[in-house]
Amino acid sequence: MGRLAEVAARGFTLVELVVTLFLIALALALVAPAIGRSTETVRARAEVAGFSAALRHARERAITTREPRTVVVEPAARRLTIRTGDDAVERARPLAPQLAVEALSPTGLSVRFEPYGTSSGGAFRLSVGGVTYRVSVDPITGRVRNTRE
């Protein structure tokens, strides 16, 4: 009798293995959608950060060169351009295909930064998948802010 108990105690039963595999599969089923949502959020944050950085760069260039800069967003062409005072393209940044840009202000899809740091102001709604951000430019200070909606 002692020998039989010793043999049974050495391994796992088939039921124990099936239950363990079921629990692992259940945990993966619950975690996998959360991973997908988090990558979408990271992608949205990266796009918003790049968009905002281009606006900040234009403001800094306007101040340091003492020449106005205009940021023009072209959703149909999938790009954002920074133009100098004489309308020459200083820098162009492609917009990601999954990024949707919508103007929320009367100034439309462009923001002009003056040499003293002021701007024409503006607000944009940026969406990537189900994640939406609002990027706004203060007309007095030219400060760029991001808020998640």
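The values are calculated or read from the model by the stated rules, or taken from the named source; none is laboratory data. This is a predicted model, so every value here is computed, not measured. When we count neighbours, we look across all protein chains shown, and the Cβ atoms used for this are built from the backbone with ideal geometry, even at glycine.
The residue of region 99-115 that is farthest from residue 135 (Cα to Cα), among those that are modelled with pLDDT of 90 or more and in a loop (DSSP other than H, G, I, E, B), is 115.
Scanning region 61-92 for residues that are in contact with a helix residue (DSSP H, G or I) (Cβ under 9 Å, 6 or more places away or on another chain) and outside any strand (DSSP E or B) returns 67, 68, 84, 85. Number of residues in region 116-136 that are more than 17 Å from residue 47 (Cβ to Cβ), out of contact with any Asp or Glu (no Cβ under 9 Å at 6 or more places or on another chain) and part of a strand (DSSP E or B) equals 1.
Examine region 3-13 for a residue that is surrounded by 10 or more Cβ atoms within 10 Å (Cβ to Cβ) and either at pLDDT 80 or above or small (Gly, Ala, Ser) (or both), and state whether such a residue exists. Checked against the condition, which is being surrounded by 10 or more Cβ atoms within 10 Å (Cβ to Cβ) and either at pLDDT 80 or above or small (Gly, Ala, Ser) (or both), region 3-13 yields no hits at all. Scanning region 69-100 for residues that are out of contact with any Lys or Arg (no Cβ under 6 Å at 6 or more places or on another chain) and touching a residue at least 40 places away in the same chain (Cβ under 8 Å), we see that the one that is farthest from residue 45 (Cα to Cα) is 71. When each of 78, 59, 145, 91 is tested for being modelled with pLDDT of 95 or more and surrounded by fewer than 16 Cβ atoms within 10 Å (Cβ to Cβ), the lone residue that passes is 145. Just wondering, is there one or more residues in region 32-39 that are under 23 Å from residue 98 (Cβ atoms), modelled with pLDDT under 80 and either surrounded by 14 or more Cβ atoms within 10 Å (Cβ to Cβ) or of a type in the set (S, T, N, Q) (or both)? Yes: one or more hits.
Would you call residue 20 free of Cβ contacts under 8 Å to residues at least 12 places away in the same chain, hydroxyl-bearing (Ser, Thr, Tyr) and either under 17 Å from residue 125 (Cα atoms) or out of contact with any His (no Cβ under 7 Å at 6 or more places or on another chain) (or both)? First the steps, then the outcome.
On the way: free of Cβ contacts under 8 Å to residues at least 12 places away in the same chain: yes; hydroxyl-bearing (Ser, Thr, Tyr): yes; either under 17 Å from residue 125 (Cα atoms) or out of contact with any His (no Cβ under 7 Å at 6 or more places or on another chain) (or both): yes.
Yes: the conditions hold for residue 20.
Candidates are the residues of region 49-85 that are closer than 18 Å to residue 133 by Cβ and of a type in the set (Val, Ile, Thr); the one that is farthest from the chain's Cα centre (by Cα) is 71. In region 40-56, how many are surrounded by 13 or more Cβ atoms within 10 Å (Cβ to Cβ) and either at positive phi or β-branched (Val, Ile, Thr) (or both)? Residues meeting the conditions: 2.
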